[in-house]
Amino acid sequence: QSSRWNSQETCSPPPPRDNPRVLITGGLGQLGVGLAQILRKQYGTENVILSDIKKPPPHVFSSGPFVYADVLDYKHLRELIVNNRITWLVHYSALLSAVGEANVALARKINITGLHNVLDLALENCLRLFVPSTIGAFGPSSPRDPAPDLCVQRPRTIYGVSKVHGELMGEYLHHKYGLDFRCLRYPGVISATTQPGGGTTDYAVQIFHDALSTGHHECYLRPDTRLPMMHISDCHRATVEFMQAPECQLSLRTYNIAAMSFTPEEVAQEIRKHLPHLKVTYNPDSVRQTIADSWPVRFDDSNARRDWGWSPAFGLEELVADMLSAIRNKRTNE
Ligand code: AKB
């Protein structure tokens, strides 16, 4: 595996092109398909390639380029980047907090070894590289209300440890070799059409589906567990705006982004304004409750607001109204 790490050269990106050529890894998770849709509208369908190790559903396959890519296969990933003249890489492939604790060895492989492959390839090919981080990059000794961009980070999950590692590696390669590394710390992301898949904040998606189907949600967190959350459209917009921001505007390479913070009881109360009969029972599970208790209850995102103009559109009220109507629409169309 060739690497530029020993070289004194810095990364000089190719002359600006009209459109970036984007590769998204882990593209069939909660975020990839939606982000691809937005980028394809702006930059052209053929310029945005989704990739994953799973077979895509027919609507994904027919909506634009999709390729098989395993982030652990360095040579194949390099071939994809070179053959497709990729200039931006969005690295969504990762195991989330709860599944990571259930399979630490696999999480270490995908979240750390996979990231190393992507960092090497981004450096070698002068790519603009986006890697998401998370509220999970903080731990019990971090300031929790609010958590600033720069503070103590001692997470106690393999997910969090791998994300702090990613933040630090990316920033190191930026400062040493000029890698155009960009990282946002996402809150829990809430979407009506895509499932999160193994995180601690997943209840905040499931509660809407349960409210509309059985009217009963059993929550694995305590009713007063407050966590930062965000509507998926804000998350996508933040990602695109951050990727498009001129380098000279970025005083940091890793930013918190915030929209709202709520507890299970607060989101249930807001849902009851539309569905008064929603019943929520609480059965905290020790793994996810311990993880949630170690995470920030609020993010300080003032640097993102100042540097590149971040501002969320959705608060709790708008989120709940949108989720309920989007899930209802989806069900009538199925
Ligand atoms: C998780 O709960 O693991 C993720 C996250 C907050 O990063 N949704």
Please find, among A258, A238, A321, the residue that is away from the ligand (no atom under 16 Å from the Cβ) and of a type in the set (A, V, I, L, M). A321
Output the number of the condition that E218 fails; it satisfies all remaining conditions of (1) open to solvent by 20 Å² or more (accessible area, probe 1.4 Å); (2) under 16 Å from L316 (Cα atoms); (3) out of contact with any helix residue (DSSP H, G or I) (no Cβ under 7 Å at 6 or more places or on another chain). (2)
Single unsatisfied condition, L123 versus (1) crowded, with 19+ Cβ neighbours inside 10 Å; (2) within 30 Å of P228 (Cα to Cα): (2)
For the structure I just gave you, tell me whether L221 is within 15 Å of the ligand (Cβ to nearest atom) and assigned to a loop (DSSP other than H, G, I, E, B). yes
Hand me the list of helices (runs of 4 or more DSSP H) wholly inside region 236-326 holding 2 or more residues that are within 21 Å of the chain's Cα centre (by Cα). 286-293, 302-308
What is the one condition in (1) out of contact with any Lys or Arg (no Cβ under 6 Å at 6 or more places or on another chain); (2) under 20 Å from I291 (Cα atoms); (3) at pLDDT 95 or above; (4) within 16 Å of the ligand (Cβ to nearest atom) that S191 does not satisfy? (2)
Can you tell which of H59, H76 is at pLDDT below 95 and either among the β-branched types (V, I, T) or more than 16 Å from the ligand (Cβ to nearest atom) (or both)? H59
Which condition does R182 not pass, out of (1) more than 11 Å from the ligand (Cβ to nearest atom); (2) under 26 Å from G114 (Cα atoms); (3) open to solvent by 10 Å² or more (accessible area, probe 1.4 Å), if it passes all the others? (3)
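In this structure, is Y177 away from the ligand (no atom under 16 Å from the Cβ) and in contact with a helix residue (DSSP H, G or I) (Cβ under 7 Å, 6 or more places away or on another chain)?
Numbers: away from the ligand (no atom under 16 Å from the Cβ): yes; in contact with a helix residue (DSSP H, G or I) (Cβ under 7 Å, 6 or more places away or on another chain): yes.
Here the answer is yes, as Y177 does meet what is asked.
If a residue must be at negative phi, in a loop (DSSP other than H, G, I, E, B) and away from the ligand (no atom under 13 Å from the Cβ), how many such residues does region 120-148 contain? Walk me through how you get there before you give the answer.
Looking only at region 120-148, we keep the residues that are at negative phi, and these are 120-125, 127-148.
Of the ones still in play, those that are also in a loop (DSSP other than H, G, I, E, B) are 125, 127, 131-132, 138-146, 148.
From what is left, the residues that are away from the ligand (no atom under 13 Å from the Cβ) are 125, 127, 139-146, 148.
Count: 11.
The values are calculated or read from the model by the stated rules, or taken from the named source; none is laboratory data. Fair warning: this is a prediction, and the values are worked out from it, not measured in the lab. All Cβ positions, even for glycine, are placed from backbone atoms using ideal geometry, and neighbour counts span all protein chains on display. These area figures cover heavy atoms from the full protein model, side chains too; ligands, DNA and RNA do not enter into them. Shrake-Rupley method; radii C 1.70, N 1.55, O 1.52, S 1.80 Å.
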